[in-house]
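Take a look at the structure below.
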Amino acid sequence: MNKIYFLRHGQTDWNALGKIQGCVDNPLNATGIKQAEEEKLEVDKLDIDICITSPLSRAKDRAKIVIGDRDIKIIEDERIIERSYGDWEGISYEEADKLQLRVYKENPTPVPNGETFDDVMSRVEAFLDDVKAKYQGKNVLVVAHGGIARCLKIYFEGNEHQKTQVHRTPNCKVVEYDIEVK
C-alpha cells in the first residue's frame, strides 16, 4: 500500500513565543532539535522510500535529523512551504486570532502581501497529485508545516470544516494517509 507520512517541523523560538512564522526562515531551537531526535526512533520504524521537505530550515533540518543515516533521498519542494502571512508574519497568535487569520473560511481581512488559504490549498493539491503520480508504489515522508497539515487533512479526508477552525498541529507528530491512485 502507498502511504504518505506527514511530519511537522519541530519547535522554533517563534513557536515558543507564540508568533506567526509563515515564510520567515526560523531554525529549530534546542527543544525542536530534541523533539526531532526523539521522533527519529518512531520514523526509523516506518518503511519510507523518499522524503520531501519544505525548503524552510525548520523543516529541512527536521527531515535530515529523522532520516539520519538511512539511504533515503531528501527532496525540497516549494509547494509545501508554509503559507505566507505577508506583513503579518511575526504577530502573536492572539493578534492573529483577533484578525481571524487562521480561520480560513472567514478570513475577512486580506493579508497584506500574503497568500490566501485557497492559494495554499491549490499548490498543495498540485503537489499531492504529482506525488501520487510520480511515486506510485512508494511510501513518502513529507516534512512541512501546520498550514500544510491542514491542507493534507482536507485533501485526504475531505474535512472542509477544517477551514472554519483554528487548527494547531502539534510539532513532531507523524500523521499517516493512504494514497489512492485513481
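Suppose the filter is within 20 Å of Val143 (Cα to Cα) and assigned to a loop (DSSP other than H, G, I, E, B); does Arg83 pass it? So Arg83 passes the test. Being in contact (Cβ under 8 Å) with a residue 24 or more places away in the chain, among the charged types (D, E, K, R) and over 29 Å from Lys132 (Cβ atoms) holds for only one residue in Lys19, Lys40, Lys60, and it is Lys19. Evaluate the stretch 105-123: report whether one residue or more is assigned to a helix (DSSP H, G or I), in contact (Cβ under 8 Å) with a residue 24 or more places away in the chain, surrounded by 15 or more Cβ atoms within 10 Å (Cβ to Cβ) and in contact with a strand residue (DSSP E or B) (Cβ under 9 Å, 6 or more places away or on another chain). The answer is no, given that none of the residues of the stretch 105-123 is assigned to a helix (DSSP H, G or I), in contact (Cβ under 8 Å) with a residue 24 or more places away in the chain, surrounded by 15 or more Cβ atoms within 10 Å (Cβ to Cβ) and in contact with a strand residue (DSSP E or B) (Cβ under 9 Å, 6 or more places away or on another chain). Report yes if Asn171 is under 26 Å from Leu41 (Cα atoms), in contact with a Lys or Arg (Cβ under 9 Å, 6 or more places away or on another chain) and at pLDDT 95 or above, otherwise no. Here the answer is no, as Asn171 does not meet what is asked. Within the stretch 129-143, one or more residues are over 18 Å from the mean Cα position of the chain (by Cα), among the small types (Gly, Ala, Ser) and assigned to a loop (DSSP other than H, G, I, E, B).
Per-residue answers, yes or no, for (1) closer than 30 Å to Leu46 by Cα; (2) at pLDDT below 85; (3) of a type in the set (Lys, Arg):
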| residue | (1), (2), (3) |
| --- | --- |
| Ser92 | no, no, no |
| Leu99 | no, yes, no |
| Asn107 | no, yes, no |
| Met121 | yes, no, no |
| Val131 | yes, no, no |
| Gly137 | yes, no, no |
| Leu141 | yes, no, no |
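Sub-6 Å Cβ pairs linking a first residue in the stretch 130-143 that is under 7 Å from Asn2 (Cβ atoms) to a second residue that is among the aliphatic types (A, V, I, L, M) and not in a strand (DSSP E or B), at least 6 apart or interchain, are Gln136/Val181; Asn139/Ile48, ordered by first then second residue.
Number of residues in the stretch 128-151 that are small (Gly, Ala, Ser) and under 20 Å from Gly32 (Cβ atoms): the value is 4.
Looking only at the stretch 88-95, decide whether some residue is assigned to a loop (DSSP other than H, G, I, E, B), free of Cβ contacts under 8 Å to residues at least 40 places away in the same chain and farther than 17 Å from Val143 by Cβ.
no
The values are calculated or read from the model by the stated rules, or taken from the named source; none is laboratory data. Treat the numbers as computed from the prediction; the structure is a model and nothing was measured. Note that we place each Cβ from the backbone using ideal geometry, even for glycine, and neighbour counts take in every protein chain shown.
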